[in-house]
Amino acid sequence: MAAHLEQQQSSRQKQKHKHFLVATFPFQGHINPALNLAKRLALAAAPSASVTFSTTTAAHRRMFPSASSRSDDDDNILHDDGLLTYAPFSDGHDHGWNGNFAARGRPVSCIIYTIILPWVADVARRHGIPSTLYWIQPASVFAVYYHYFHGYDGVISAHHRDPSSVVNLPGLPPHDMRDLPSFLVDSIEETSAFYSVYRALRDLFAVLDKEKEIGGARPTVLVNTFEELEPRELASINEHLDAVPIGPVLKPSLFSDNVDVEAEAGGDLFERDDEQRYVEWLDARPEGSVVYVSFGSLSTATKAQLEELLQGLEGCGRPYIWVVRRDNRGEGPAGLQERAEKGVVVGWCDQLKVLSHRAVGCFVTHCGWNSVLESLACGVPMVAAPRMSDQGMNARLAAAAWGTAVRARLSAEGVLERDELRRCLETVLGEGDGAAEMRRRAETWREKAMQALSKGGSSDRNLTAYVESIIHLPNTLINN
């Protein structure tokens with residue numbers, strides 16, 4: 001990255017057209033919100049600015065398999081779909097981007113980067129390019145991390161062995177230890193498996209502090225949430241930084257009719273199943289009758305967990321669509337499909353298309369933030385079965401704060417057992433008053449999410465204002 005940026009200096013002063021670069025970590029759960037933001041930026045900024053999306057070379061080649069036959073130094077590895085340019089960076093971090101934007105008359109005006117990439121901000125600062133953190137988890141989680149790295153680490157460390165103990169942090173409601181981000185509870189030792197993630201998060205907040213110290217201004221953080229969803233948490237952050245809620249950051253076609261469907265393609269690191277197969281299956285099911293089950297792009301299930309899920313789903317008597325990755329270590333989708341009488345098992349699918357289908361009435365989820373936001377935006381209540389990272393807090397928010405989920409009780413081994421799954425599904429899809437109220441709340445949050453994204457809504461206004469602030473930034477202030 002550094003080598004690429006050094007060549008921009010001579011032409012920058014001549015450029016009036018602005019160029020946003022969105023850089024993200026090569027996980028599916030990071031790529032999706034970053035890519036969707038890049039698309040929204042491109043739509044909001046045109047024709048005054050262009051947008052490039054960037055992740056590692058390895059992930060780029062999985063997104064665009066045709067690039068796999070090209071050498072690393074081939075400029076043609078860049079891909080353009082008419083809305084965005086896609087340009088990978090080295091898997092070795094800041095060893096340079098392939099291709100040279102400046103040589104093409106498109107020097108970078110602003111870099112937007114996601115979590116676990118603090119080095120991007122350092123590179124941008126060295127070359128005088130403004131950078132903005134894009135926080136792809138809830139504001140609640142950002143606030144917890146911020147307080148932890150600003151004097152409250154001892155409060156959390158003192159209780160980390162007791163998951164039922166309650167932690168109080170400034171401006172936030174009380175939280176059980178079990179709900180706090182797992183990287184603050186079990187990853188702070190250098191010998192832990194996820195210490196590198198903890199270190200990257202620590203460095204990220206140090207970067208924000210350095211930005212404030214050097215520039216004298218409060219750093220801006222784009223947050224994938226909306227004002228109506230987390231007002232208290234956003235207010236807590238805004239005492240220290242400028243948190244700008246722009247979410248839910250989803251595919252633009254969900255809330256706009258003026259989006260080219262072809263421009264929605266791309267972004268998947270996994271091969272999708274035949275869409276026609278599961279969409280036609282959904283079309284034949286009654287409204288709100290189908291259970292959708294997916295535990296995200298990182299989780300694989302043990303054979304015991306797969307068996308409990310299969311028996312629970314078959315035993316509940318409701319139709320279901322279940323995502324089981326082909327590389328799952330327990331059993332793949334083909335073997336499970338042979339035993340599934342009431343449902344469809346797929347290796348990967350377009351989750352937003354499934355959740356927005358009229359037939360889907362419940363989402364059994366690990367509560368990754370993308371999944372929670374998509375469920376909220378589609379008005380689908382959830383069965384929450386969190387595992388790690390921010391998922392516990394997301395589950396707590398969905399169940400306790402927003403009333404759109406029931407939280408499953410996992411076994412001591414972390415397994416969602418068949419009887420518990422059936423209980424949760426009945427809580428969400430049953431005929432009782434509680435189920436009806438949960439569905440009503442889910443629909444209310446769907447309306448609020450769509451209002452935030454609509455023209456003139458809170459998130460639309462916030463993103464527009466941010467884009468305008470970069471577009472109108474004098475070139476003399478860039479690379480000084």
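Flag: Val108 matches the condition of being buried (at least 19 other Cβ atoms within 10 Å of the Cβ), assigned to a loop (DSSP other than H, G, I, E, B) and either in the same structural domain as Leu463 (by TED's automatic domain parsing) or touching a Gly at 6+ places or on another chain (Cβ under 6 Å) (or both). In the range 122-149, the residues that are within 16 Å of His240 (Cα to Cα) reach residues that are assigned to a loop (DSSP other than H, G, I, E, B) and β-branched (Val, Ile, Thr) with C-beta atoms within less than 6 angstrom, at least six apart or across chains, in these pairs: Ala139/Thr225. From the list Thr464, Thr427, the one residue that fits, being out of contact with any Lys or Arg (no Cβ under 6 Å at 6 or more places or on another chain), part of a helix (DSSP H, G or I) and surrounded by 18 or more Cβ atoms within 10 Å (Cβ to Cβ), is Thr427.
Could we say that Ser389 is modelled with pLDDT under 95, surrounded by fewer than 19 Cβ atoms within 10 Å (Cβ to Cβ) and either farther than 30 Å from Ala44 by Cβ or not aromatic (Phe, Trp, Tyr) (or both) here?
Here the answer is no, as Ser389 does not meet what is asked.
Of the residues making up the range 314-326, those that are assigned to a helix (DSSP H, G or I) and either touching a helix residue (DSSP H, G or I) at 6+ places or on another chain (Cβ under 7 Å) or not assigned by TED's automatic domain parsing to the domain that holds Val383 (or both) are Gly315, Cys316.
Close contacts from the range 388-408, counting a first residue that is outside the structural domain of Val185 (by TED's automatic domain parsing) and within 17 Å of Ser294 (Cα to Cα) and a second that is of a type in the set (A, V, I, L, M) and assigned to a loop (DSSP other than H, G, I, E, B), with Cβ to Cβ under 6 Å and a gap of 6+ residues or different chains, come to Ala408/Ala385; Ala408/Leu416.
Yes or no, residue by residue, for (1) more than 22 Å from Glu233 (Cβ to Cβ); (2) of a type in the set (A, V, I, L, M); (3) touching a helix residue (DSSP H, G or I) at 6+ places or on another chain (Cβ under 8 Å); (4) crowded, with 20+ Cβ neighbours inside 10 Å:
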position: Phe142; (1), (2), (3), (4): no, no, yes, yes
position: Gly151; (1), (2), (3), (4): no, no, no, no
position: His159; (1), (2), (3), (4): no, no, yes, no
position: Leu169; (1), (2), (3), (4): no, yes, yes, no
position: Pro181; (1), (2), (3), (4): no, no, yes, yes
position: Asp186; (1), (2), (3), (4): yes, no, no, no
position: Ser196; (1), (2), (3), (4): yes, no, no, no
position: Arg199; (1), (2), (3), (4): yes, no, no, no
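Residue count for the range 25-39 under the criterion of being farther than 15 Å from Trp369 by Cα and among the small types (Gly, Ala, Ser): the result is 1. Here Ala442 fulfils each of the conditions (1) surrounded by 13 or more Cβ atoms within 10 Å (Cβ to Cβ); (2) not in a helix (DSSP H, G or I) apart from (2).
If the condition is being modelled with pLDDT of 95 or more and over 15 Å from the mean Cα position of the chain (by Cα), then the range 351-373 contributes Val354, Leu355, Ser356, His357, Arg358, Ala359, Val360, Gly361, Cys362, Phe363, Val364. Listed residues Leu376, Leu416, Leu463; which is touching a helix residue (DSSP H, G or I) at 6+ places or on another chain (Cβ under 7 Å), among the hydrophobic types (A, V, I, L, M, F, W, C), over 22 Å from Ala38 (Cα atoms) and modelled with pLDDT of 95 or more? Result: Leu416 is the single residue among Leu376, Leu416, Leu463 that is touching a helix residue (DSSP H, G or I) at 6+ places or on another chain (Cβ under 7 Å), among the hydrophobic types (A, V, I, L, M, F, W, C), over 22 Å from Ala38 (Cα atoms) and modelled with pLDDT of 95 or more.
Considering only residues that are small (Gly, Ala, Ser) and at pLDDT below 90, which ones fall in the range 282-322?
If the condition is that a residue be small (Gly, Ala, Ser) and at pLDDT below 90, then Gly296, Ser297, Ser299, Ala301, Ala304 are the ones that fit.
The values are calculated or read from the model by the stated rules, or taken from the named source; none is laboratory data. Predicted model, so just to flag it, every value in this text is computed and none were measured. Cβ atoms come from the backbone with ideal geometry, glycine included; neighbour counts cover every protein chain shown.
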